[in-house]
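This report refers to the structure that appears directly beneath it.
The values are calculated or read from the model by the stated rules, or taken from the named source; none is laboratory data. All values reported here derive from a predicted model rather than from experimental measurement. All Cβ positions, even for glycine, are placed from backbone atoms using ideal geometry, and neighbour counts span all protein chains on display. Areas reflect the complete protein model, heavy atoms only, side chains present, ligands, DNA and RNA absent. Shrake-Rupley method; radii C 1.70, N 1.55, O 1.52, S 1.80 Å.
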Amino acid sequence: MTEYLTLSLILFTIGAVGVLLRRNAIVVFMCIELMLNATNLAFVSFSRQHGNLDGQVAAFFVMVVAAAEVVVGLAIIVSIYRTRRSTSIDDASLLKS
Amino acid sequence: MFDLQWLLIAVPLASGLGLLAWGKESDRFGHLVATLASTFSFVFGVVLFAKLMGADEADRSHTSTLYTWIDAGRFHVDLSFTFDQLSGLFVLLITGVGTLIHIYSIGYMAHDERRRRFFSFLNIFIASMLTLVLAADYLVLFLGWEGVGLASYLLIGFWQHKDSAAAAAKKAFIVNRVGDVGMALAIMTMFAQFGTSSIAAVNGSITSASTSVATGLGLLLLLGACGKSAQVPLQSWLLDAMEGPTPVSALIHAATMVTAGVYLVVRSAGIYDASEVARNAVIVVGLVTLLAGAWIGCTKDDIKKSLAGSTMSQIGYMMLAAGLGPAGYAFAIFHLITHGFFKANLFLGAGSVMHGMNDDVNMRHYGALRTAMPITFATFGLGYLAIIGFPGTAGFFSKDKIIEAAFGQSFWVGLGTLIGAGVTAFYMTRMMTLTFFGQKRWLDDVHPHESPKVMTIPLIALGALSVLGGALIFGDWIPDWLGPVVGHAEHHELGIPVWAMTLIITATALVGVAVAVLLYRRDVAGETPDDSVVSVFTRAGRNELYGNQINDALVVRPTRYLTRFLVWLDVKGVDGLVTGTADRLGDTSQFLRKPQTGHVRSYAATLFGGALVVVLALLAVTLA
């Protein structure tokens, strides 16, 4: 049991560090997915431990939402890349004039 | 017929306002329309006055109500006018002298491109002044009172491109406001005490009120009268008002408007009869002003300002006479009328002289003008004889009566008026000698010439009236005529016979004349001597007895300090609070703005930091 949670924690930490440190939007995006999946792993582990299905249901919801988020997020990244020829998230700070 | 008396006012008013609205195309004939309107009022006034003379004594006061002006609860004011013996005389004076001055102005203002506007203002003045004297209610009177103030302001500042004229107009307006406060308070007091401001009702029921009410009303009305009539302590505006065109000085600041204060006192005879204190205050104001004005008149080299000092002084005589009560009311009005004639004559004569001297007003640049301007000299001479009280002229009768009545009141008041008569003779002779006799002291390229006929004819008419005006007293006509309005006087027996009194007054005037001739017969300096070489009395007179300085020290400067303090309070206190709050809010926003960097990663860091804090807090709560 502890191993699963440790793995989940490691994955989540890698994802979080990636989100904070990387500048490439695609990589940041992948790190977010990593964090989501780390939580999914934690959900499923707890579900197994408690012997009910609540955690698994939550994991499915997370997957659905993640799929939708990928669609929207990738579309934004692609359109930013088309106009600005860059995927660096530090460049996309135009709202702050 | 008397129901149509509103036409007296309406016609000049319509003409005045119409000319303002008509526009440039009326430039060609605007002055004629205005003169016709004024002439109409005069002719109609004469017709009404003749009817009044034909009527029985009991049937000589006609009040007509146009409509109810204000009707709110107890507050009821009719727009009504009264044509009676007193207002009838005034109507004749205002429209008669007014029309002559309209005619004179056609010539005097011929080269002014804003002549139409000038005539429009003159018409508005005539209408306002008629409203003032015909009003049957103090509130309607106040309407005319403010109207003449407005017309005076517009006309003093008529040459508004000169800073001095604009400033003089403002000064006249503001000083008059002080008097108006007195008027307004008086009218409010009438409402509070009697529930009405009708002149007849207030003066009729004043005896039923306490003496202190009558005193209060009398003093408040006197304050108003002081403002309008340029009496001490509100005299300072009159000399500056000479910045206006000369016909304005003649019409408004000599013959008619400035006498409104005297009219007010005489019209409020009931109030003043009921209060000895108020009457004495009027006498003191009149006496002080008549001496102060004469003093100023002696020292000014500006011919118009010297005449303005003289006007103050003569109105002081009228005020004083009005303060004597029933013994003096009729003589105050008598002197007012004769003064209206001869002072208008003198002012228009001065204007005619200025016209020939390239608008120079310094008498030291005149001299020996009697041959250059014979008609002006003759008419000015008649006015001069009238004002010094030369036997047979109008001023002789009217001033003598006032001096006699003053001696009847008290020896010292009488002495004051007698000295005033001597000084009057002195400064008028000085003016006459400097202007028309002696050496030529003309500046270069000045070519004195007689004025055109349109200016000399009114001068001749007024010159004749200056002499003949005294006829009003024959057979005691004017006291008898005004008797029903202002009351009859018990006759004071003086200690000496009347002929002796007359002799003393005439002798005093002759002394004044002799002194002036002796002093100014010799060569006179062509320029005004500097203030540092003249005597302290002359210096004081030239500075108008330091009236402006006194006003400055007592009113203007304290007010300015108060204003500065209030501005400071406003900026630092009120604004400080309001802008301070806004500034603090702004500072807070600026502070909160800092974290909004626009960088996604810093937002993410904040997010994680926040989540971390929440998790730690949860852990702390759970483990505790």
Requested in this report: State which helices in chain B qualify, where a helix is a whole DSSP H run, it must extend 18 Å or more along its own axis by its Cα atoms, and its mean Kyte-Doolittle hydropathy must be at least 1.0.
Outcome: B:6-22, B:30-54, B:85-108, B:115-134, B:138-156, B:211-229, B:276-299, B:374-388, B:411-436, B:453-468, B:498-520, B:600-623
Report summary line: From highest to lowest solvent-accessible area (probe 1.4 Å; ligands, DNA and RNA excluded), B:F121, A:F12 read A:F12, B:F121
Query raised in the report: Taking a probe of 1.4 Å, how large is the accessible area per residue of the range A:2-84, in Å²?
Result: 67
Query raised in the report: Could you give the distance between the Cα centres of the range A:2-39 and the range B:525-582, to the whole Å?
Result: 81
**Report entry** Distance histogram for chain B (every C-alpha pair counted, 20 angstrom bins, percent rounded to whole numbers)
**Finding:** 19, 49, 19, 5, 5, 3, 0
**Report entry** Cα-centre dipole for the range B:474-581 with unit charges at Cβ (Lys and Arg positive, Asp and Glu negative), debye to 20
**Finding:** 540
Report summary line: Within chain A, excluding any trypsin sites (Lys or Arg not before Pro) found in a DSSP loop (not H, G, I, E or B) and having at most 16 other Cβ atoms within 10 Å, the longest uninterrupted segment runs A:24-84
Report task. At a probe radius of 1.4 Å, figure out the A/B buried accessible area, summed over both chains, and give it in Å² to the nearest 100. Result -> 900
Requested in this report: Would you give the gap between the C-alpha center of the range B:17-52 and the C-alpha center of the range B:66-114, rounded to a whole Å?
Outcome: 12
Report task. Throw me the Rg/Rh for the range B:168-326, computed over C-alpha atoms with Kirkwood Rh, two decimals. Result -> 1.01
Query - Distance (nanometres) between label positions extended 7 Å along Cα→Cβ at B:L616 and B:A50 - result: 11.2
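Over all alpha-carbon pairs in the range A:2-84, figure out the percentage whose distance exceeds 20 Å.
42
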Query raised in the report: Two-decimal Rg/Rh of the range B:416-482 from alpha-carbon positions, Kirkwood Rh?
Result: 1.13
Query raised in the report: Measuring from centroid to centroid over Cα atoms, what is the spacing of the range B:359-428 and the range B:216-244 in Å?
Result: 22
Query raised in the report: Which whole-Hz ³J(HN,Hα) couplings does the range A:50-57 yield from phi under the Karplus relation 6.51 cos²θ - 1.76 cosθ + 1.60, θ = phi - 60°, glycine and proline marked x?
Result: 7, x, 10, 9, 4, x, 5, 4
Report task. Filter the cross-link list B:K162/B:K440; B:K170/B:K300; B:K399/B:K440; B:K343/B:K399 down to pairs whose alpha-carbon distance in this structure exceeds 25 Å. Result -> B:K162/B:K440; B:K399/B:K440
Query raised in the report: Can you put B:L519, B:L86 in order of accessible area, largest first, using a 1.4 Å probe?
Result: B:L519, B:L86
Query - Cα pair distances exceeding 35 angstrom across the protein assembly as shown, given as percent - result: 55
Report summary line: Accessible-area loss of at least 50 Å² (1.4 Å probe, chain alone to full protein assembly) applies in the range A:8-22 to A:L20
Query raised in the report: Which of the aspartates and glutamates could a cross-linker span from B:K171 if the Cα-Cα distance has to be under 19 Å and same-chain partners fewer than 8 positions apart are dropped?
Result: B:E146, B:D163, B:D180, B:D240, B:E243, B:E544, B:D552
Report summary line: The answer for the longest stretch of chain B without any exposed GluC sites (Glu not before Pro) (DSSP loop, at most 14 further Cβ atoms within 10 Å) is B:114-489
Report summary line: Whole-Hz Karplus couplings 3J(HN,Hα) for the range B:545-554, θ = phi - 60° and coefficients 6.51, -1.76, 1.60, Gly and Pro as x, run 6, 6, x, 5, 5, 5, 4, 4, 6, 7
Report task. For the range B:360-482, just the Cα set please: Rg and Dmax, both in angstrom. Result -> 17.5, 55
Query raised in the report: When the accessible area of the range A:2-84 is split by element with a 1.4 Å probe, what percent falls to carbon and sulfur?
Result: 73
Query raised in the report: Between A:S86 and B:L415, what is the spin-label point distance in nm, taking each point 7 Å from the Cα along the Cα→C-beta axis?
Result: 10.4
Query - Helical mean residue ellipticity (222 nm; -39500 (n - 2.57) per DSSP H run of 4+; nearest 500) of chain B - result: -23000 deg cm²/dmol
**Report entry** Amide proton proximity set for B:H62, modelled H, under 5 Å, gap of 5+
**Finding:** B:F83, B:D84
Query - Size of charge dipole - chain B - debye, nearest 20, with Cβ of Lys, Arg +1 and Asp, Glu -1, no other charges - result: 1580
Report summary line: Here the net charge surrounding A:F61, from other residues whose Cβ is less than 14 Å away from its Cβ (Lys, Arg +1; Asp, Glu -1), is -2
